[in-house]
1. At Gln113 and Arg60, where each label point lies 7 Å from the Cα along Cα→Cβ, what is the point-to-point distance in nanometres?
2. Give me the percent relative contact order of the chain, please, defined on Cα pairs under 8 angstrom at least 6 residues apart.
3. Roll a 1.4 Å probe over the protein chains and send me the accessible area per residue for region 74-137 in Å².
4. In this model, which of Lys35/Lys64; Lys35/Lys162; Lys41/Lys159; Lys35/Lys108; Lys85/Lys142; Lys108/Lys142 are farther than 20 Å apart at the alpha-carbon?
5. Ignoring the sites themselves, what is the longest stretch of the chain with no chymotrypsin sites (Phe, Trp or Tyr not before Pro) in a DSSP loop and at most 11 other beta-carbon atoms within 10 Å?
6. What are the GluC sites (Glu not before Pro) within region 61-168 that DSSP puts in a loop, where the Cβ has at most 13 other Cβ atoms within 10 Å?
7. What is the angle, in °, between the Cα long axis of helix 150-160 and the longest principal axis of the Cα atoms in the chain? Nearest 10 is fine, range 0 to 90.
8. With every atom except the alpha carbons ignored, what do you get for Rg and Dmax of region 81-134, in angstroms?
Amino acid sequence: NAQMKGEEINRADLAASFQKSVVDVLVEHTMLAAKDYHMDKIAIAGGVASNGALREAMTRACEKRGYKCTAIVLAAGQGKRMHSKIQKQFLEIGGKPILYYSMECFQKSPLIQDIILVTGEDMISYCQSEIVEKYGFFKVQKIICGGEQRYHSVWNGLKETKAGYVYI
């Protein structure tokens, strides 16, 4: 309508309005589905989990309903595409393993109450001593074994959480 009137359209405002509308609908429908199907957990994962507006709105909606927020950190990958003998989550940047930086974000976040770390069976004790204890990640409630594929690892993490809202 604005273009028909010869007015300039502010694309940033249009994009922001569109995003807010989409986020509002996603959150509302998710909460209704959780209620209708008597769900006590909601997980947000993949690319959609990186949308800050969606995470913030979903967190507010979950807090309003008394849902606890848990982060599931997946660190069971083998990193075969990296062609490295060291799994990519344990490669160091700035003197610390890559996994440290993911864990630190959730440890410092006031939105997250608990962390579940999913790793390879042979790396559980290493992660306990060299990641969780060494860096003081006290929000870590469990370190569990991942699965054969990424979706198995996600499922293993979801089975361990008591939270109503889960970041993956």
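1. It is 2.1 nm.
2. On the way: 217 pairs, mean separation 48.0, N = 168.
Computed over the chain, the figure is 29 percent.
3. Working: 3820 Å² over 64 residues.
I get 60 Å² per residue for region 74-137.
4. Values: Lys35/Lys64 13 Å; Lys35/Lys162 17 Å; Lys41/Lys159 10 Å; Lys35/Lys108 30 Å; Lys85/Lys142 26 Å; Lys108/Lys142 18 Å.
Pairs exceeding the cut-off: Lys35/Lys108; Lys85/Lys142.
5. On the way: sites that count: Tyr37, Phe138.
The longest such stretch corresponds to 38-137.
6. Values: sites: Glu63, Glu92, Glu104, Glu121, Glu130, Glu133, Glu148, Glu160; in loops: Glu148.
For GluC sites (Glu not before Pro) across region 61-168 that sit outside H, G, I, E and B with at most 13 neighbouring Cβ atoms in 10 Å, the list reads Glu148.
7. It works out to around 90 degrees.
8. When restricted to Cα atoms, region 81-134 yields Rg and Dmax of 12.0, 37 Å.
The values are calculated or read from the model by the stated rules, or taken from the named source; none is laboratory data. Just so it is clear, the model here is predicted, and its values are computed rather than measured. As a convention, Cβ positions derive from the backbone with ideal geometry for all residues, glycine included, and neighbour counts pool all protein chains shown. All accessible areas refer to the heavy atoms of the entire protein, side chains included, with ligands and DNA or RNA removed. Shrake-Rupley method; radii C 1.70, N 1.55, O 1.52, S 1.80 Å.
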